[in-house]
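What follows is a set of notes on a single structure, which appears directly below.
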Amino acid sequence: MAQQGSILIVDDEAGPRESLRMILKPIYKIYTAANGKEALELIQKEKIDLVTLDLNMPGLTGVDVLKEIKKIKSDIEVIIITGYGTLKNAQEVIRYGAGDFISKPFNVADIVAIISKSFERRNYNLKINNLIQQIKGLRNIGEDQEREITRVNKAQIPY
């Protein structure tokens, strides 16, 4: 199967991190990080499309890492996967830009479906942003043409 994007799996626990890696590696290019600092370094170096992120990690928390990811590259999709899921946690991470929130232990079919949905959402958002940039470019072209017509009209010598 052709690889459909790149995923960074961030979890301080090797078990969940390796489980996700094994599940997703036939479909996606996979990177792993055992902590937030390592994750942010990888995001600076590699083309990452989606991050699965644990909340409760030593050092930088998942929320801290999420905030930094969105500062570095706002179009990276982030899915929180945590064993400490609360409504308050879910609300907080959604506020900071997480696309989804999954509790551990996770169901394989659910995680694959959520990741697929997240890639679809990311691709859709990238297309919309590209279209917006094209429209802005056309508007600028129109304004440039209008200025040029005005300049030519002012510069014309009357007969």
Based on this model, can you work out whether L40 counts as assigned to a helix (DSSP H, G or I), of a type in the set (A, V, I, L, M) and within 11 Å of L8 (Cα to Cα)?
yes
Criterion (within 14 Å of the chain's Cα centre (by Cα) and under 25 Å from A109 (Cα atoms)) met by exactly one of L8, L20, L55
L8
Inside the range 78-89, can you point out the residues that are closer than 18 Å to A14 by Cβ and buried (at least 20 other Cβ atoms within 10 Å of the Cβ)?
I81, T82
How about the range 18-33: which of its residues are surrounded by 18 or more Cβ atoms within 10 Å (Cβ to Cβ) and part of a loop (DSSP other than H, G, I, E, B)?
Y28
Starting from the range 14-25, keep only residues that are touching a residue at least 60 places away in the same chain (Cβ under 8 Å), then list their pairs with residues that are part of a helix (DSSP H, G or I) whose Cβ atoms are within a distance under 9 Å, requiring at least 6 positions of separation or different chains.
L20/I111; I23/V108; I23/I111; I23/V112; L24/I111; L24/V112; L24/I115
Quick count over the range 100-142, residues being within 13 Å of the chain's Cα centre (by Cα) and closer than 14 Å to G62 by Cβ, is 1
Mind listing whichever residues of the range 1-34 are of a type outside the set (A, V, I, L, M, F, W, C) and under 14 Å from I69 (Cβ atoms)?
S6, Y31
Subset of the range 114-159 that is surrounded by 10 or more Cβ atoms within 10 Å (Cβ to Cβ) and among the aromatic types (F, W, Y) - its residue that is modelled with the lowest pLDDT
Y124
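Within the group D75, D64, D49, D11, which residue is of a type outside the set (S, T, N, Q), loosely packed, with under 14 Cβ neighbours inside 10 Å, touching a residue at least 24 places away in the same chain (Cβ under 8 Å) and touching a helix residue (DSSP H, G or I) at 6+ places or on another chain (Cβ under 8 Å)?
D75
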Could you grab me the full set of residues in the range 90-113 that are part of a helix (DSSP H, G or I) and surrounded by fewer than 19 Cβ atoms within 10 Å (Cβ to Cβ)?
A90, Q91, E92, I94, R95, V108, A109, D110, V112, A113
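The values are calculated or read from the model by the stated rules, or taken from the named source; none is laboratory data. For clarity, every value in this text was computed on a predicted model and none was experimentally measured. In this analysis, Cβ positions are derived from the backbone assuming ideal geometry, glycine residues included, and neighbour counts consider all displayed protein chains.
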